[in-house]
Amino acid sequence: MRKESQWKTSTGFILASAGSAIGLGAMWKFPYMAGMYGGGAFLLMFLLFTILVGLPLLIMEFIVGRVGRTYTTEIYSKLTNKKWLNIIGWNGNIAVFVLFGFYSVIGGWIVIYIGIVLMQLLHVLPSGLTDIAFESIISNPVYTIMGQFIFIGLTCAIVMLGVEKGLEKASKIMMPLLFIFLLVIVAKSLSLEGASEGVRFLFQPRTEDITMESMLFALGQSFFALSLGTTGMITYASYASKEMTIKSSALSIVVMNIFISILAGLAIFPALQVFGYEPTEGPGLLFKVLPLVFDKMHYGTLFYFTFLILFLFAALTSSISLLELNVSNLTRNDNSKRSRVALLTSLAVLIISIPAMLSFGSLSHIQFGAGTIFDNMDFLVSNILMPLGALATTLVVGQLLDKNLLKQGFGSDRFKFFYPWYALVKYVLPFVILAVFILQLL
């Protein structure tokens with residue numbers, strides 16, 4: 001399909017897909033969502049949804065991408081001969097466009113923090129990670145617009161390079177380094193006095209915290225963290241060679257996602273009690289707590305700067321997949337258009353992201369629906385567009401596609417996993433997604 005854009009190795013495909021899935025979903029969003037919706041109860045529901053719903057859906061999206069091997073705005077008509085089903089692909093395009101809009105706000109924060117810590121290292125600013133004032137930074141429109149501009153610009157530049165020249169090579173180096181740094185942070189966080197209370201909060205589920213609202217957000221988090229329902233994983237799988245194993249790739253991504261989510265929780269929650277923060281701090285939780293943890297380390301400023309660079313890469317692996325989906329659908333593999341389309345799409349994303357960015361400053365008084373403008377963009381994508389996209393794809397795969405075609409896409413199956421997977425997709429998952437989706441509206 002696209003000779004110019006192919007993953008060279010299975011490792012590159014898995015790490016880049018994991019980076020796309022993990023990105024800010026596991027590292028940034030999981031801790032603050034767990035903090036707001038019950039800690040251990042949220043983790044339990046997230047694990048159940050990720051394993052029982054997320055993994056089968058990820059395998060499903062990989063199969064659709066592998067057997068369809070075309071653009072997501074055309075893949076459904078190609079597989080079913082029903083052109084109107086391409087609306088599922090366009091739903092994914094809209095979802096990732098809006099997602100990139102509010103996602104770039106967080107990416108901009110990372111860029112700002114990198115700039116501040118770098119100036120501390122160069123002694124342009126007084127050194128001291130505890131002096132970084134999160135609220136004043138994110139409410140400053142000059143800083144935040146500049147940070148977003150740089151973040152979106154970096155994303156655009158890498159997408160212009162293409163898949164194998166930019167993302168795959170970097171993923172093989174940066175993702176393992178990120179894992180190592182997270183382990184170091186967790187070790188330090190767990191060594192703080194009073195850390196056991198935070199560990200208990202993360203791993204001890206309380207039945208009173210299991211509500212329909214927390215269940216809905218746990219399902220939304222599993223979709224968000226695995227990039228499900230946006231057709232992004234379908235796009236990545238369409239770049240994969242026919243030799244790459246679908247099941248092991250999906251399982252590796254899910255395991256890494258769970259592992260990073262738990263590590264992020266262990267990095268944050270044990271430190272909360274020590275530094276006097278509440279678990280319900282919201283989207284800024286990671287940015288408020290981690291500088292205080294690093295401040296307790298020898299050469300903490302240098303280590304925090306290195307971590308931020310790796311954190312930026314994790315964010316970029318996600319944003320690249322978001323931009324790539326729209327670019328690939330609009331260029332139709334005409335690489336002469338790639339740079340222009342990437343630039344115009346990035347500019348449009350920057351424009352729609354400004355209200356989300358200002359919702360932490362001059363527009364913070366505008367509250368409706370799920371909360372601020374940022375919160376509503378997040379809710380629209382994570383709790384409406386993603387579940388709708390996943391539900392629609394599940395119905396197409398389970399009800400319309402030829403079983404033998406799916407078995408072929410599933411690959412070798414000596415343990416007979418295809419049949420329980422197919423039964424889940426055909427008979428169970430549509431009702432699970434639909435039930436949770438309807439209950440949130442009641």
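For the chain, what is the calculated [θ] at 222 nm in deg cm²/dmol (nearest 500), taking -39500 (n - 2.57) for each run of four or more DSSP H residues and dividing by its residue count?
On the way: 21 runs with 306 residues, N = 442.
Mean residue ellipticity, 222 nm, calculated: -22500 deg cm²/dmol.
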task = Please go through the range 357-442 and write out the chymotrypsin sites (Phe, Trp or Tyr not before Pro) that DSSP classes as loop and that have at most 15 other C-beta atoms within 10 Å.
result = Phe415, Phe417
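Going down the list Lys83/Lys242; Lys29/Lys78; Lys83/Lys426; Lys78/Lys407; Lys337/Lys407; Lys82/Lys242, which pairs span over 29 Å between their C-alpha atoms?
In this structure, Lys29/Lys78; Lys337/Lys407 exceed 29 Å between Cα atoms.
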note = Within the range 402-442, DSSP-loop trypsin sites (Lys or Arg not before Pro) with at most 13 other C-beta atoms within 10 Å are Arg414, Lys416
request  = Please identify every one of the trypsin sites (Lys or Arg not before Pro) in the range 71-172 that sits in a loop by DSSP and has no more than 15 other beta carbons within 10 Å of its own beta carbon.
outcome  = Lys82
key: Sequence of Phe100, Phe181 from largest to smallest accessible area, 1.4 Å probe   = Phe181, Phe100
task = Calculate the length of the line joining the C-alpha centroid of the range 267-339 to that of the range 367-417, in whole Å.
result = 25 Å
query = If we count GluC sites (Glu not before Pro) as exposed when they sit in a DSSP loop and have at most 13 other beta carbons within 10 Å, what is the longest stretch of the chain that avoids them all?
reply = 244-442
ask   = Which percent of the accessible heavy-atom area of the chain goes to carbon and sulfur, probe 1.4 angstrom?
value = 67 percent
Under 13 Å from the Cα of Lys247 - aspartates and glutamates, other chains or at least 8 residues apart = Glu61, Asp413
key: Unit charges on C-beta of K, R, D, E only; dipole of the chain, Debye   = 1780 debye
ask   = Among Leu363, Ile253, His298, whose Cα sits farthest toward the positive end of the charge dipole of the chain (+1 at Cβ of Lys/Arg, -1 at Cβ of Asp/Glu, about the Cα centre)?
value = Ile253
remark   = Rounded to the nearest 10 Å², the 1.4 Å probe accessible area of Phe269 is 0 Å²
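The values are calculated or read from the model by the stated rules, or taken from the named source; none is laboratory data. Source: prediction; values computed, not measured. Counting neighbours? That spans all protein chains shown, and the Cβs are built from the backbone with ideal geometry, glycine included. Side chains included, ligands, DNA and RNA excluded: accessible areas come from the protein's heavy atoms. Shrake-Rupley method; radii C 1.70, N 1.55, O 1.52, S 1.80 Å.
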